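Remarks on the structure that follows.
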Amino acid sequence: MVFSLAYHFLRDRGAAEEVAQDVFLRLYRKMDDLEDARHVTIWLRKVTSHRSIDYVRKRGSRFTIALEDTAEPSVTEQHGDPLLNRRLRQLIATLAEKPRMVMILRYQEDLTPEEISDVLEMPVRTVKSHLQRSLAILRQKIERSMGEVR
Amino acid sequence: MEDFERQLRDALARKEQPPLFEAKVFAAIAESKSKRWVSWRWEALAASLLALAGFWAQHEHAVRDRVAGEAAKARLQLALKITVTELSKIQRTVRTTEE
């Protein structure tokens, strides 16, 4: 979950590993304060999301990736059309930081808008608006680049 | 819309962490632990020095108190001695005058 969240957000394997490693190091230091497994999962999602956003902000314009060149972790696509999946990931990577993380938390982690609002510390209304707008943008872009979405 | 959301779920399916990732995390934790141990040792040394300084100050204080106490005792003894001498003198004077 941690590596995957960072990877989908950063689209860079090395950067995602760096963030994930830092998150686990923080978890190790924080372990005594976390009550149970559920609390740990919530904490991990929260810290990974914020650390990934900080990572991009700190590096600013230096952290720009040529999306066509990014090598994805060598995992066989389990579902769907691999080409469409790859194109969708590339388009998600073009979204602004907060809406991008909202989309990843929604579709990777299957979180509700309320849960996302808790993770990203933003109003539920803002989460819903990010979701709607991002879906519209992605749909429009994917239709333009790949034809009618089934 | 549901179909598009399913496609998004497929595209954003969880990625496996790279091989050796766990080993790297454990190595980072071990390194941080050793750094903390070094820092803990310095903290312990500083605490010991502080405690030693405290004991020394307390000891100095105790020595000063003892010296002051002994001086006071000596002064009291002297005062008593003077008083006894004075009393004897007075006693002698009274006896002489009464006789």
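Some notes on this structure:
- Filtered residues of the stretch A:91-117 (kept if free of Cβ contacts under 8 Å to residues at least 24 places away in the same chain and open to solvent by 30 Å² or more (accessible area, probe 1.4 Å)): A:96, A:110, A:112, A:114, A:115
- Complete set of residues in the stretch A:97-125 that are closer than 14 Å to residue A:50 by Cα, of a type outside the set (D, E, K, R) and outside any helix (DSSP H, G or I): A:122
- Condition broken by residue A:123, with the remaining ones in (1) within 30 Å of residue A:39 (Cα to Cα); (2) within 12 Å of another protein chain (Cβ to nearest Cβ); (3) not aliphatic (A, V, I, L, M) satisfied: (2)
- Check on residue A:10, open to solvent by less than 50 Å² (accessible area, probe 1.4 Å), more than 9 Å from chain B (Cβ to nearest Cβ) and not small (Gly, Ala, Ser): yes
- Selection count, the stretch A:88-105, where residues are at the interface with chain B (Cβ under 8 Å from one of its Cβ atoms) and either over 15 Å from residue A:46 (Cα atoms) or not aliphatic (A, V, I, L, M) (or both): 3
- Any hit, the stretch A:22-34, residues being open to solvent by less than 50 Å² (accessible area, probe 1.4 Å), of a type in the set (Ser, Thr, Tyr) and assigned to a helix (DSSP H, G or I): no
The values are calculated or read from the model by the stated rules, or taken from the named source; none is laboratory data. Worth saying up front: this structure is predicted, and the values here are computed from it rather than measured. Neighbour counts run over all protein chains shown; Cβ positions are idealised from the backbone, glycine included. With ligands, DNA and RNA removed, areas are computed over all heavy atoms of the protein, side chains included. Shrake-Rupley method; radii C 1.70, N 1.55, O 1.52, S 1.80 Å.
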